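I have placed the structure first, in the form of structure tokens, so that the comments after it can refer back to it.
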Amino acid sequence: MITEVLGFLNKEALYHNIEIKLELQSDLPTIISDRGQLQQIFLNIINNAIDAIVKDGELRIVTSKKSAEKLQVDIIDNGPGMQPEILDNIFEPFFSTKTGKEALGAGWGFQSPTAWSKNWAGTSLWKAPSAKVPLLLLFFQYVLSTKERLPMNKIKVLIVDDEMEFASPLSERLNLRNFESQAVACAEDAMSLLRADWRPDVVLLDLKMPGLDGLDALSVFKQFDPNMEIIILTGHGSTASGIEGMRRGLFDYLMKPVEIDSLVQRVKAAAEKKRLAGGHS
């Protein structure tokens with residue numbers, strides 16, 4: 001997931017001559033958590049680290065297993081650090097050290113880890129104890145048994161893409177893999193299905209379409225069913241659209257072409273998140 005998030009931010013780091021060093025332990029156990037919120041947390045923290053460095057700096061991301069129950073992620077930058085009065089406020093929803101127009105918005109976005117840690121068993125967040133110590137995220141391993149994780153019904157997948165020569169064969173391939181899939185050419189047709197009470201677990205959504213585009217359709221679908229998990233699958237992606245999608249509740253953001261086995265795994269992960277939230281059909 002960290003490498004996926006960096007895909008949105010690498011260009012920004014390169015532009016400011018910031019070197020990102022990864023020290024990712026390879027044998028970490030799997031955790032079950034809220035993927036969308038976790039992506040947003042990493043986006044917020046890494047993006048703010050890049051802003052803090054400004055230019056010509058270094059950002060290190062280290063993952064490690066601290067015990068049988070704890071996974072740890074350290075995000076360390078060589079920026080100016082945070083003074084105590086700033087540390088005391090970074091989890092406030094609209095707190096910012098910026099001024100003028102740059103200060104408008106939702107603040108640093110660190111409030112989401114606080115809510116996230118309350119909603120997912122065994123997850124905690126530690127603040128940095130001083131201005132020169134990196135922010136540490138600590139995750140307890142929270143793994144369900146295979147029996148608990150398997151949904152009882154077929155996973156319903158709705159493909160929304162104006163290129164039906166792509167969407168229809170993909171729907172057929174998913175059906176052959178024991179999914180229940182349908183394909184439509186626009187968001188309006190998708191809403192007709194939803195109003196007819198065909199409720200997908202996961203939506204595969206194109207970004208550039210006639211009528212409602214992918215981001216606007218994402219917002220409409222989430223208003224209709226907040227538990228619906230949505231993956232943008234596009235050939236016209238950008239860093240800005242990926243970050244905006246995550247802010248609107250997107251589960252994942254994939255670029256075409258994508259290997260079918262990789263896509264199946266992401267769809268299953270999205271359906272698992274929906275099921276854990278109590279929204280499986």
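The values are calculated or read from the model by the stated rules, or taken from the named source; none is laboratory data. Predicted model, so just to flag it, every value in this text is computed and none were measured. Don't worry about glycine lacking a Cβ; one is built from the backbone with ideal geometry, like all the others, and counts go over all protein chains shown.
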Open item on the list: From the list L207, L170, L215, exactly one residue is at pLDDT below 95 and farther than 21 Å from K273 by Cα. Which is it?
Closed with: L207
TODO: Considering only segment 167-180, state which residues are farther than 19 Å from L194 by Cβ and touching a residue at least 12 places away in the same chain (Cβ under 8 Å).
DONE: S168, L170, R173, R177, N178
Task: Qualifying position, being surrounded by 15 or more Cβ atoms within 10 Å (Cβ to Cβ) and either touching a Pro at 6+ places or on another chain (Cβ under 9 Å) or aliphatic (A, V, I, L, M) (or both), among L233, L176 - done: L233
Open item on the list: What's the total number of residues in segment 173-196 that are at pLDDT 95 or above and among the polar types (S, T, N, Q)?
Closed with: 2
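Results for (1) at pLDDT 80 or above; (2) farther than 21 Å from A277 by Cα; (3) assigned by TED's automatic domain parsing to the domain that holds L250; (4) surrounded by 20 or more Cβ atoms within 10 Å (Cβ to Cβ), shown as yes or no for each residue.
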residue	(1), (2), (3), (4)
Y15	yes, yes, no, no
E19	yes, yes, no, no
I31	no, no, no, no
Q39	no, no, no, yes
I46	yes, yes, no, yes
D51	yes, yes, no, no
D56	yes, yes, no, no
I61	yes, yes, no, yes
Open item on the list: For segment 189-224: of the residues being of a type in the set (G, A, S) and within 18 Å of the chain's Cα centre (by Cα), which is farthest from G235 (Cα to Cα)?
Closed with: S219
